[in-house]
Structures are given as C-alpha cells and as structure tokens.
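The block underneath contains the structure these notes are about, expressed in structure tokens.
Every number here is computed from the coordinates shown, using simple stated rules; none is lab data. Quick caveat: nothing in here was measured; it's all calculated off a predicted structure. Here the Cβ is made from the backbone with ideal geometry for all residues, glycine too, and neighbour counts use every protein chain on show.
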Amino acid sequence: MLLSDQPNNPELTREILTVSELNQAVARLLEDSFDVSWVRGEVSNFTPATSGHWYFTLKDNGASVRAVMFRSRAAAVGFIPKSGDQIELKGRVTLYEARGEYQIQAEQMRRAGIGSLFEAFLVLKNKLSQEGLFDAQNKRAIAEHPRAIGVITSLSAAALRDVLTALARRAPHVPVIIYPAMVQGTGSALQLRQALALANERQEVDTILLVRGGGSIEDLWSFNDEALARDISASLIPVVSGVGHETDFTIADFVSDLRAPTPTAAAELVCTARAALSDRVARAQEQCTVALHRKIDRLAQRVDRLASGLVSPAQRLSHQSERLSGLVFRMRAAAQRSDQQRRTLTDRAIARLGGVIPELGASRASVQRASAALDSGYRRLQALRSVKLASLAAQCRALSPEQTLSRGYAIVRTQQGAVVRSSREVSQTDTLEVSFATGAADVQVLALKHPQDGA
C-alpha cells in the first residue's frame, strides 16, 4: 500500500513527534523521575573548557556516564579533578537534547580517594624514585647538534605529524628515522620497548623522541609500564619524552633524560634552528676575521721593529773596518807618546847626572855612545813594533768577516738573528738566513748531518 493511499487520519498524525520534541519529553521524564543524587566514580577524559565549564566521564568497573559541571558550580569545588581521581558528586540526571545523550549535571563535588590506575601510577613512581631512576645525575646529555633524530610513536598519530612539521621547520638538514609502535591499547607497551631496543641496536640516531598526543590516564597507560621505564633508563641513546599535554605526566616523563610538555616542544628541544646556527656561524666568522686582522697588524708591527734593528753584512763589516782603523790610530798615537816620554825621561836623567858626575871627557863620551846606542836601539825597537803593527793590521784585514766572505764563506743565522755554529742548533724544516759577500738568501733545512760523538 502506498503512503498516499493511507487515510488522512488526524489521530494518527497527531502522535508523530519530531526528534526535538522526543528529546524534550525524555529530558522532562528523566528530571521528574530522579531526585538530586550523590554518585561515586572515577574521573576520565576530563576537559576544562575555556568558558570555565568542566566536561568529563564518571565511570566504575562496569559502566560510565557523561557529566558536566558549569563554571558557577566548578568555582566552588576548591580543586581541579584529574583523570583517575575518585570523586563523589551531587547532581541531576538530564539529557543533552542536541545529541540525545544522557548525562549528569553536577552541582557539588568532593574527593572520594585516588583512582585505582592513579594509585598504581603513584606506587610505581615512588618505587622507581627510591631506586634512583629519576636522579638528575643519571640523566644523559642531549646532543646539541644530532646527526639524526629517532621518533618512537604510531604512524597514524597526530603527534608524528606535529614532530615532523617542527623538525622540518627548524632543522630540515637533520635526518629523521621513525620507529613505529602502538601508543595505546593491549601490547602497546611491548611495542614501545621493542622500538626502543631496535633504535639502541642500530645506533643510527643521537636522540630518541618518545611521543604521543594527549588522552585519559587509560590512553596514556602504556607509558606508565615499569619495564618500559627501566628500558628508557638503560638506553644508550638519550631519550626525550613528549607524551600528552602540558598537564599530563607519565612514568616515562620522569625516567627520560628530558621531558617536554608536548610532542612539538620535544622536537624543538632536540635541535637548534637552522637560522640560529647560521647566525652563530656568521658571528664566529666575523670574530675570526677581526682576530685575524688584529694578528696581522701585530705581526706587521713586529716585522717593522725587527727590520729596523737589522744590519746588513756590508754595514757590519764597514763598522768593524772603521773600528780597526781607530784602533791602529790609537796604537800609533800611544807609541808616539811612549817615545816622547822616554826621550823626556832620558834628557832629565842626563841633566841630573850632569849635575852630580864630574866632567870627565871619557865618561861623557861613553854616555854619549850609550845614549846614541839607546837611541838607535829605541829606533830599531820602534821599527820592529811598526812592522809588527803592520803585520797585525794585515792579519786583522785577512781575518775580517768581509775578507772571509769574499773567499766563498757565508754566515748562517736563524730567523731570530742568532749565528749558527753547529748543526745541532737547528731542526729539520727550519728556515735560515745565509749571508754571502754580496747579498743573502733564505734557505730551508732538508736534512741534518751531525758529527760523530767524540769526533
């Protein structure tokens, strides 16, 4: 039978309700059937809205119910519940008409004790803390410039996209290796341990990110596994945890080498932004350039000072020749003074003798002969000394450095100007300055030949 064939019966059409009318009727029925009651359960999926309202699930071992507590009521509670808390609340049973969902509208709330999961979390936390797994001295340093970064998370997790986006933005030059594992549900803790063991076995990354998004205490429970916590503590590679939101804490956060409030924050903590590295390199290059210029200036001034103190071999030989000429002049002047003094002394002696010795012709003649002989001897002595002086002058000229260099010899000096007299005074690859009769040359020591001991 077609609908158009049905009779237009007002009584039948009067019983057809819209969805809104149905939900309104059910809401009135629930509100009229249940008085305000106290209900006890464990908080799960707690979400504080920006408006100040609280939305959460109240559950026990066999069932769960949605609950809401509006801002005016929540402000009077005195504490903010967390997932896993056992609470007691007083409220009315209502229906959220927009979705047809049954819920409790809480008016009062008080603590009823710690939830079983949260209690297990605290027990394990205290146990591992007493064993020293959380101690700061056991934490490994995070590599400032990792050659590669490992990520342990689910391939379908939003946290993975957040991490990859942050790493691509900050350090696109750093390779990322993903070790996939379940992050929630049965067997997820084992998969996380296997992924961590694989990363330690391969040793292909410098830092491991253990990440996942937020959720209830049940959703994050894999990261409270005791075996996983011990594996993280024993890991050869530093581990950074970024599990849940900023207010979420797991055992993995406490045992990891570094805890980040979110997966994105974990990615930002393990690598330096490329722009910052570029700025650092630019600053270092500028500092090196300034330091190099300063060193060049100092060395140039030192070269100028050393150059001003250098004397060429020709100048040095000229100075020595002038000094030798001065010595010859002084020797001749001294000889003349000595000759004059002896003459004067002789004359005085003769004068004194003439006053005390009788005038005897023979004696005078003898004295005159002696005087003549003395004068002749003195002249011969002077002639001999002049010859000897000339010979010494010739020897000085023959032994002068200028004459020595003209015969094919050379003067060898170090870069500091010290004269080298033995092969033991230099080392291989030293640079030496060799001065010839005309000009000079810089040479490098290729090999050393030392005289035999005792030779």
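Here are some notes:
- Calculated over the stretch 139-272, the projected area of the Cα convex hull averaged across directions stands at 6.7 nm².
- Rg [Å, one decimal], Dmax [Å, integer] - the stretch 371-421, C-alpha atoms: 19.9, 64
- J(HN,Hα) series, the stretch 78-92, from Karplus relation 6.51 cos²θ - 1.76 cosθ + 1.60, nearest Hz, glycine and proline x: x, 7, 10, x, 10, 4, x, 5, 8, 10, 10, 10, 10, x, 10
- CYS396, CYS271, CYS288 arranged by Cβ crowding within 10 Å, fewest neighbours leading: CYS288, CYS396, CYS271
- Local electrostatic count, GLN341, Cβ distance below 14 Å [Lys/Arg +1, Asp/Glu -1]: +2
- Between TYR102 and LEU122, the contour length at 0.36 nm per residue exceeds the alpha carbon distance by 3.9 nm.
- Here the calculated FRET efficiency for GLU131 and SER51, from their Cβ-Cβ distance with R0 = 51 Å, stands at 0.70, rounded to the nearest 0.05.
- Candidate values (i) 189; (ii) 153; (iii) 430 were compared with volume of the Cα convex hull per residue in Å³ computed on the shown model; the agreeing label is (iii).
- GLN395 paired with ILE16, simple spin-label distance in nm, labels 7 Å along Cα-to-beta-carbon: 14.8 nm
- Between ARG280 and ARG305, the modelled labels are 3.8 nm apart [label points 7 Å from Cα along Cα→Cβ].
- Furthest towards positive pole of dipole, LEU236, GLN103, ALA136, structure part the stretch 100-257, Cβ charges: LEU236
- Residues ARG369 and SER423, FRET efficiency given R0 of 56 Å [Cβ-Cβ distance, rounded to 0.05]: 0.25
- The value obtained for the stretch 225-379, namely the Cα convex hull volume divided by the number of residues, is 346 Å³ per residue.
- Between the residues SER156, PHE223, MET331, the greatest Cα displacement towards the positive end of the dipole of the chain, with unit charges on the Cβ of Lys, Arg, Asp and Glu, is found for MET331.
- Packing-based ranking, highest mean first, of 368-376, 43-51, 84-92 given that Cβ atoms within 10 Å are counted: 84-92, 43-51, 368-376
- Order of ILE251, ILE16, ILE104 - criterion: other Cβ atoms within 10 Å of each residue's Cβ, fewest first: ILE16, ILE104, ILE251
- Nearest-ten-degree value, helix 19-33 long axis tilted from longest Cα axis of the chain: 80 degrees
- Under-25-angstrom lysine pairs by C-alpha in the chain, whenever the two are 8 or more apart or on separate chains: 8
- The chain - percent relative contact order, Cα under 8 Å, separation 6 or more: 9 percent
- Rounded if a/c under 1.5, otherwise prolate or oblate - the stretch 18-114, Cα gyration tensor axes: prolate
- Segment THR344..GLN203, full-extension length gain: 40.0 nm, with 0.36 nm per residue of separation and the alpha-carbon distance subtracted.
- Spacing of the modelled spin labels on GLU246 and LEU164, each 7 Å from Cα toward Cβ, amounts to 2.7 nm.
- Residue-count net charge about ASP35 - beta-carbon cut-off 14 Å; Lys, Arg +1, Asp, Glu -1: -1
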